[in-house]
Amino acid sequence: MTPSWRRERAQPPARVAAVTPPHASIRVACVLGIVAFAATAALGLATAPAEATPAGPPAPAASLTPVVDCVQDAPLGAVTSRTVVLGYRSTAAVPVEVAPGSGTNDFVPGTPDRGQPSTFLPGDHHAAWLLTLDAAAEPTLAWNLGGATATVDASVPSCTDATAVTLSAPTTAADGGRVAVTAVVSRFLLGPPEDGTVAFSFDDAAPTTVPVAAGGVARTDLPVPALGDHTLTAQFVPAADSTLRPATATAALTVVPISGPLTIVADSVVAGSRTVLVTVTRPSPVGPATAAFTTSDGTASAGTDYVATTGNVTFADGQSSATATVPLLSRQAGSPSSRFFVVLTRASIPVATGVATVSLPAVPVAPAATVATSSGGGDAAGPASALPEADPTATAARPAQPIGQDLLLILGALLVTAGGIAGVIGLFRAVRSRDAFS
């Protein structure tokens, strides 16, 4: 016969057996849920479309060209020091980055990286940097930039004779006008030349020749060519007895329709308006322009119907319209329709329509005040109700309660009900579990 203390110690395994299955089921369910979530995430990653790899910037081979401007040799005993002045030309619209020694920005033979630039800006750039080398040890050297090559050897012009031209001109011009252009001639290691000429020309037209003045400057005004895109060329031509080398620079010019003629119009005026907006427009927003205006009486009079106004409108380059405001006065009831004018008195560009008409509407006569009489022949109608405004017997309208409060009350009741049910179920289960373990 088993002792009572042994029977009591045998009870815990039965309790464990009774409690363990629910906990085991929960653990199995959690594991299955985690596995399902991981499988779904993996499937989503596997089926997600791959992002397209953005295309990189275009290769600089077609946009960069190295330029050897000149060399200057200086004998130093058995060694000849050669100073090389280099530049580049970029047809790209944005700066191009090419690392030295990367295979597309190298010197050969010898060390590929000799301090050359790595950032190349759009346009022509002379004397961008200097390179000093031993002419006897390296009589020939090549700079490979992009897909082009510039060679440094004894055939390169000396810096005492080489020249460069910097051309300054606008990028756009109005049809039928003139354009101011300036060329500056320089030498790389010496002062600018003060003789020779510069020939300016558009495309293949006959050039306009201007002598070089002090500081190597040549200026002129050229007639604008036909509408469209053109190439302006400035070529330095040295004097007949000079050892200087010629040089050339180019710039692009676009000819657009003339800025104008100006047109002025006024907005419509409605009853009660206190101002009227006047707009001056031009069909081509090229270059700056100004215009002056003033008001002029018609059937409407300044001081009675409107405020006499004068002023100016200004157009910036690229601006196609400008506005001005004319104040209006309050007119008497019964005033008829009338009008006045806003006139362009002068302008820096042609004018197509120089007068804007402002039409003021008629002001209606104020209606006579009507007096309502009561059926009993009183002088005036009394209040709408015989009761006083604050009549205590009147039924007061009950303010509507916001619908959100009703919803909150309903939701609160549902939560309380659900909580009570859940509490009863939990209490019932606890009692049953206690009875099972006892």
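When the residues of segment 87-113 are narrowed to those that are within 26 Å of A247 (Cβ to Cβ) and open to solvent by 50 Å² or more (accessible area, probe 1.4 Å), which ends up farthest from the chain's Cα centre (by Cα)? Looking at residues that are within 26 Å of A247 (Cβ to Cβ) and open to solvent by 50 Å² or more (accessible area, probe 1.4 Å), I get R89.
Of all the criteria given as (1) among the aliphatic types (A, V, I, L, M); (2) in contact with a Phe, Trp or Tyr (Cβ under 6 Å, 6 or more places away or on another chain); (3) in a loop (DSSP other than H, G, I, E, B), the one not satisfied by I258 is (2). Screening segment 335-355 for residues that are under 18 Å from V270 (Cβ atoms) and of a type outside the set (A, V, I, L, M, F, W, C) and picking the one that is nearest to the chain's Cα centre (by Cα) gives R339.
It is to be established whether one or more residues within segment 261-271 are surrounded by fewer than 20 Cβ atoms within 10 Å (Cβ to Cβ), part of a loop (DSSP other than H, G, I, E, B) and on the phi > 0 side of the Ramachandran plot. There is no residue in segment 261-271 that is surrounded by fewer than 20 Cβ atoms within 10 Å (Cβ to Cβ), part of a loop (DSSP other than H, G, I, E, B) and on the phi > 0 side of the Ramachandran plot. Provide a single number: the residues in segment 114-129 that are closer than 22 Å to A74 by Cβ and surrounded by 14 or more Cβ atoms within 10 Å (Cβ to Cβ). Number of matching residues: 6.
Counting only residues that are more than 25 Å from R187 (Cα to Cα), among the β-branched types (V, I, T) and touching a residue at least 40 places away in the same chain (Cβ under 8 Å), give me the strands (runs of 3 or more DSSP E) lying completely in segment 67-150 with at least 1 of them.
Values: elements: 79-90, 105-108, 123-134, 141-145.
Output list reads 79-90.
Take the conditions within 30 Å of D73 (Cβ to Cβ), part of a strand (DSSP E or B), out of contact with any Leu (no Cβ under 8 Å at 6 or more places or on another chain) and in contact (Cβ under 8 Å) with a residue 24 or more places away in the chain and apply them to A164. Does it pass? Let's see the steps before the verdict.
On the way: within 30 Å of D73 (Cβ to Cβ): yes; part of a strand (DSSP E or B): yes; out of contact with any Leu (no Cβ under 8 Å at 6 or more places or on another chain): yes; in contact (Cβ under 8 Å) with a residue 24 or more places away in the chain: yes.
Yes: the conditions hold for A164.
When segment 237-251 is filtered for residues that are under 22 Å from S90 (Cα atoms) and either under 35 Å from the mean Cα position of the chain (by Cα) or open to solvent by less than 40 Å² (accessible area, probe 1.4 Å) (or both), the ones remaining, listed by number, are A247, A249, T250, A251. Scan segment 316-369 for residues that are modelled with pLDDT under 95, of a type in the set (D, E, K, R) and surrounded by 14 or more Cβ atoms within 10 Å (Cβ to Cβ) and the total you get is 1. Among the residues of segment 226-236, those that are in a strand (DSSP E or B), exposed (fewer than 14 other Cβ atoms within 10 Å of the Cβ) and not polar (S, T, N, Q) comprise G228, D229.
The values are calculated or read from the model by the stated rules, or taken from the named source; none is laboratory data. No experiment lies behind these values; they were computed from the predicted model shown. Here Cβ is always computed from backbone atoms with ideal geometry, including for glycine, and neighbour counts include all displayed protein chains. Remember, those area values only see protein heavy atoms, side chains included, never the ligands or the DNA or RNA. Shrake-Rupley method; radii C 1.70, N 1.55, O 1.52, S 1.80 Å.
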